[in-house]
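**Student:** Please read through the structure below; I'll follow up with questions.
The values are calculated or read from the model by the stated rules, or taken from the named source; none is laboratory data. Only a predicted model underlies this, so the values are computations on that prediction, with no experimental measurement involved. Positions of Cβ are generated from backbone atoms using ideal geometry, with glycine treated the same way; all protein chains shown enter the neighbour counts.
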Amino acid sequence: MHPMTLEQLRVFFAAEYPKLVKVLMILGASLEEAEDATQKAMEDFIKRTVEGRSPISNPAAYVRQAAFRFFIKERKRDLERLPRELRGGHLTPEGYLDDQLTALEDEQYVEHLLGCLTETQRDVVRRVLAGMSTKEIAEELGKTDETIRQHLKNARTSLKKQPEVATLKSRNSRGPGPAQGVRSTATTPEPREEEVQ
């Protein structure tokens, strides 16, 4: 795949940003968490594209997986932060928290979190993370779009009940995730010039 032009990057960013925010919110992120993770994933993608590092054959899937990893890393850091806060009586400096989890550790942690789901729910969530739409998943699995959406809803409910996620939800001062049936009001910010040059 050839590197994207500046205009192609802008179009990609505008098209994919709201989708990624919505997917992360479906998976239990607050609007702020979803936007932060999506922004980091987009910055990473643009940086890789501009530097010409290993070509990415499916940019949408790459950015979706990166956004999910950034979201999971932040949730894990929040979980690890609580015991340190309790022991030390203060916040840990942000620089120390940047532990640079490897892709393997990310995948293991995601698999751990998905362990509470049924096999079908895990299959659906994995496909969402791979960049597939609910319609594509429904076609591939031979189910209706509504059934796939129900599996995602049930998966989100199960994940929220998992102790690691529930602890974060109760501590999350950023507010609750989206209400059922409410569309994301996320807007697509313009990429900064230094990100796309």
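**Student:** State yes or no: is Ala14 in a helix (DSSP H, G or I), among the small types (Gly, Ala, Ser) and closer than 25 Å to Lys161 by Cβ?
**Tutor:** Considered against the rule, which asks whether it is in a helix (DSSP H, G or I), among the small types (Gly, Ala, Ser) and closer than 25 Å to Lys161 by Cβ, Ala14 comes out as no.
**Student:** For the range 95-142, how many residues meet the condition of being assigned to a loop (DSSP other than H, G, I, E, B), modelled with pLDDT of 70 or more and either on the phi > 0 side of the Ramachandran plot or not β-branched (Val, Ile, Thr) (or both)?
**Tutor:** 8
**Student:** Determine if the range 34-43 includes at least one residue that is at pLDDT below 85 and of a type in the set (Val, Ile, Thr). It would help to see each step written out before you state the result.
**Tutor:** So in the range 34-43, the residues at pLDDT below 85 come out as none.
No, there is no match, as no residue in the range 34-43 is at pLDDT below 85 and of a type in the set (Val, Ile, Thr).
**Student:** Sort through Lys160, Lys153 and tell me the only one that's within 14 Å of Ile26 (Cα to Cα), modelled with pLDDT under 85 and of a type in the set (Lys, Arg).
**Tutor:** After ruling out the rest, the residue left standing is Lys160.
**Student:** To continue, here is another question. Select from the range 135-151 the residues that are of a type outside the set (D, E, K, R) and either farther than 27 Å from Lys76 by Cα or in contact with a helix residue (DSSP H, G or I) (Cβ under 6 Å, 6 or more places away or on another chain) (or both) and list them in ascending order.
**Tutor:** Ile137, Ala138, Leu141, Gly142, Thr144, Thr147, Ile148, His151
**Student:** Now for a different question. From the set of residues in the range 39-61 that are touching a residue at least 60 places away in the same chain (Cβ under 8 Å) and in a helix (DSSP H, G or I), which is farthest from Gln108 (Cα to Cα)?
**Tutor:** Here is the first cut: in the range 39-61, the ones touching a residue at least 60 places away in the same chain (Cβ under 8 Å) are 39, 42-43, 46-47, 50, 58, 60-61.
Restricting the remaining residues to those that are in a helix (DSSP H, G or I) gives 39, 42-43, 46-47, 50, 60-61.
Numbers: Gln39: 23, Met42: 23, Glu43: 24, Ile46: 26, Lys47: 26, Val50: 30, Ala60: 22, Ala61: 19 Å.
Among those that are touching a residue at least 60 places away in the same chain (Cβ under 8 Å) and in a helix (DSSP H, G or I), it is Val50.
**Student:** What pairs can you find where one residue is in the range 114-141 and surrounded by fewer than 18 Cβ atoms within 10 Å (Cβ to Cβ), the other is not in a helix (DSSP H, G or I), and their Cβ atoms are less than 7 Å apart, with a gap of 6+ or different chains?
**Tutor:** Partner pairs satisfying both residue conditions: Cys116/Gln162.
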